[in-house]
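The values are calculated or read from the model by the stated rules, or taken from the named source; none is laboratory data. All figures in this text were calculated on a predicted structure; none of them were measured in a lab. As a convention, Cβ positions derive from the backbone with ideal geometry for all residues, glycine included, and neighbour counts pool all protein chains shown.
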Amino acid sequence: MVASQSSNMTDYEAERREFQLEVPEYFNFATDVIGKWASDPTKPAMLWIGPHGDERGLTFAHFAEYSSRAANAFSKLGIKKGDRVLVMLPRVPEWWESVLGLMKIGAIPVPCTTLLTPKDIQFRAEAAEASAIITDNEGAAKFDQVRSDCPTVKVAIVVEPNADMGREGWVNYSQVVDEASPEFTGEKTRSDDPCLVYFTSGTVGYPKMVLHTQASYPIGHTITGKYWLDLHEGDLLWNLSETGWAKFAWSNLFGPWSQGAAMFIHDARGKFNPIETLKMLNKYPITTLCAPPTAYRMLVLDEPMKYMKANPPKALRHCVGAGEPLNPEVIKVWEDETGILVYHR
């Protein structure tokens, strides 16, 4: 059940003494990191499983090319450096293509959960003074309800294989990206240039914007990928976070790809299904699991545990959790069954 792999952290004190993050004057994660891994045209970046079980294996070369195409397409549409762009998509490859493409031109992605209401979208568009939105048909229908109240949004892009182009004022993502050049030659971004904006959850008062630079998350989460997720080239990470939360950027973008590891992405819609999760762990060579405590609590219930005894994980070796306290008894049940301690913060 457990794959053999040495840990990146074998001597904490020695690692602490020697560790240092290098921050160059100019840096762009999309070009400097994705571009580096893309030099091997076969290097896997993602194993994507669609809502109906369809599979796609995607390389770093794919994301290097399609983020360049997206950058060129966005530039042609008038999106420029410094523009804030709402990105509200489910776990589809176009999320990564879009976010990386925006980073390349120095525009600022504002990831949004697909659970937002029309009024939530309006609030974020107004607060960020967003100039564009990238979403799917479901999100487009929401935005159309408040579009007249979002005067700063000049460009609306819909990501959908069979997008309803009868919807006035929307640009078809696939069409403009496929037509764009695969080579991007825009200006370099500085490490201290703005890169990404996330809204807080709004637990106290209205959600607030938090700005990250081209270095703060993109370079900072090297620590997440190397030490917390303990990733190596050849690993396959499954993080259960949704695209609208900062945890997604930590563990579904900067952390794993800084290490050259591949990501397992299950574009599941609706409520969490513990049996379906265990089926994925049994079927695919997932080495690392990152899940919220709520998921672990559901995974150790009687029926899931019975399923896992008969169908153990195929390659799992490292598990982490975050977001809220995880009960010691849940950690023990999981370790007793899998032999893996859940690291938690």
**OP:** Give me the pairs, please: first residue somewhere in the range 171-192 and farther than 13 Å from S75 by Cα, second residue anywhere and among the polar types (S, T, N, Q) and assigned to a loop (DSSP other than H, G, I, E, B), beta-carbon distance under 7 Å, and either six or more positions apart or on two chains.
**Re:** K188/N28; T189/N28; T189/Q214; R190/Q214; S191/Q214
**OP:** Would you list the helices (runs of 4 or more DSSP H) that sit entirely within the range 232-345 and hold 1 or more residues that are surrounded by fewer than 16 Cβ atoms within 10 Å (Cβ to Cβ) and not basic (K, R)?
**Re:** 274-283, 293-299, 302-310, 328-338
Original post:
Regarding A61, is this residue in a strand (DSSP E or B), aliphatic (A, V, I, L, M) and closer than 22 Å to L102 by Cβ?
Top reply: no
Original post:
Just to be sure, is P111 buried (at least 21 other Cβ atoms within 10 Å of the Cβ) and under 19 Å from the mean Cα position of the chain (by Cα)?
Top reply: yes
Subject >> Conditions (1) closer than 17 Å to Y26 by Cβ; (2) in contact with a helix residue (DSSP H, G or I) (Cβ under 9 Å, 6 or more places away or on another chain): number failed by K208 >> reply: (1)
Original post:
Are there any pairs, at least 6 apart or on different chains, whose C-beta atoms fall under 6 Å, with the first in the range 259-277 and under 30 Å from D40 (Cα atoms) and the second small (G, A, S) and assigned to a loop (DSSP other than H, G, I, E, B), and if so, which?
Top reply: D267/G50
Original post:
Checking G166 against (1) small (G, A, S); (2) surrounded by 20 or more Cβ atoms within 10 Å (Cβ to Cβ); (3) modelled with pLDDT under 95, which single condition isn't satisfied?
Top reply: (2)
**OP:** Answer with yes or no whether S4 is modelled with pLDDT under 95, assigned to a loop (DSSP other than H, G, I, E, B) and exposed (fewer than 14 other Cβ atoms within 10 Å of the Cβ).
**Re:** yes
Subject >> Residue match in the range 326-344 (condition: basic (K, R) and modelled with pLDDT under 95) >> reply: no
**OP:** Just give me the residues in the range 7-55 being part of a loop (DSSP other than H, G, I, E, B), within 19 Å of the chain's Cα centre (by Cα) and small (G, A, S), in sequence order.
**Re:** A38, G50
